[in-house]
Amino acid sequence: MPLKHIKRLFLGNKPRIPREEALKVFQRDQFKCQYCGLDGLASFENWMLLTIDHVHPYSRGGPRHSHNQVTACQPCNLIKGTHHFGSIEDARRFVMAKRSEWRDVYEKEYRPAAAKAAGAAAG
Ligand SMILES: [Zn+2]
């Protein structure tokens with residue numbers, strides 16, 4: 001399989017943003033996710049999560065320009081997806097509400113199951 005097909009498999013049909021362009025957006029946003037506030041400079045692991053999000057989705061005709069781009073961590077970018085919002089504030093409200101819903105599911109279902117599994121593994 002040619003490399004370009006493998007890349008598309010993992011990266012999808014998102015626009016490729018040159019590193020210099022992404023760096024300008026990260027610097028403007030102080031390397032912080034504009035949805036949840038994750039600090040990309042706090043650790044290497046956080047830095048690895050930083051992406052560029054198009055507030056007005058590129059796939060829906062949003063311009064590929066820095067005024068339409070914000071720094072977003074991968075989870076927030078995934079949650080926002082291709083939803084279109086009138087403003088970054090509306091997008092942030094949506095993303096944070098979804099994160100809150102998913103946190104509740106994690107706290108109620110996954111965390112107890114994980115603790116139980118860890119307890120069983122410890123004997
Ligand atoms: Zn985030």
Selection within region 34-53 - more than 18 Å from ASP90 (Cβ to Cβ) and crowded, with 16+ Cβ neighbours inside 10 Å: LEU38, GLY40, ASN46, LEU49, LEU50, THR51, ILE52
Could you run through region 1-52 and say how many residues are at pLDDT 95 or above, closer than 22 Å to SER87 by Cβ and touching a Lys or Arg at 6+ places or on another chain (Cβ under 8 Å)? 4
Going by the conditions given, is ILE52 assigned to a helix (DSSP H, G or I) and of a type in the set (A, V, I, L, M, F, W, C)? no
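Matching residues to (1) surrounded by 15 or more Cβ atoms within 10 Å (Cβ to Cβ); (2) at pLDDT below 95; (3) within 16 Å of the ligand (Cβ to nearest atom):
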residue: VAL55; (1), (2), (3): yes, yes, yes
residue: GLN74; (1), (2), (3): no, no, yes
residue: GLY81; (1), (2), (3): no, yes, yes
residue: ARG92; (1), (2), (3): yes, no, yes
residue: SER100; (1), (2), (3): no, no, yes
residue: LYS116; (1), (2), (3): no, yes, no
Condition first: within 13 Å of the ligand (Cβ to nearest atom), in contact with a helix residue (DSSP H, G or I) (Cβ under 8 Å, 6 or more places away or on another chain), part of a strand (DSSP E or B) and among the small types (Gly, Ala, Ser). Can you find one or more residues in region 28-46 that meet it? no
Among the residues of region 62-72, how many are in a loop (DSSP other than H, G, I, E, B) and surrounded by 14 or more Cβ atoms within 10 Å (Cβ to Cβ)? 1
For region 79-88, indicate whether the set of residues that are within 19 Å of ARG19 (Cα to Cα) and touching a residue at least 12 places away in the same chain (Cβ under 8 Å) is non-empty. no
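The values are calculated or read from the model by the stated rules, or taken from the named source; none is laboratory data. Remember, predicted model here, so these are calculated numbers, not experimental data. For neighbour counting, all protein chains shown are included, and Cβ atoms are generated from backbone atoms with ideal geometry for every residue, glycine included.
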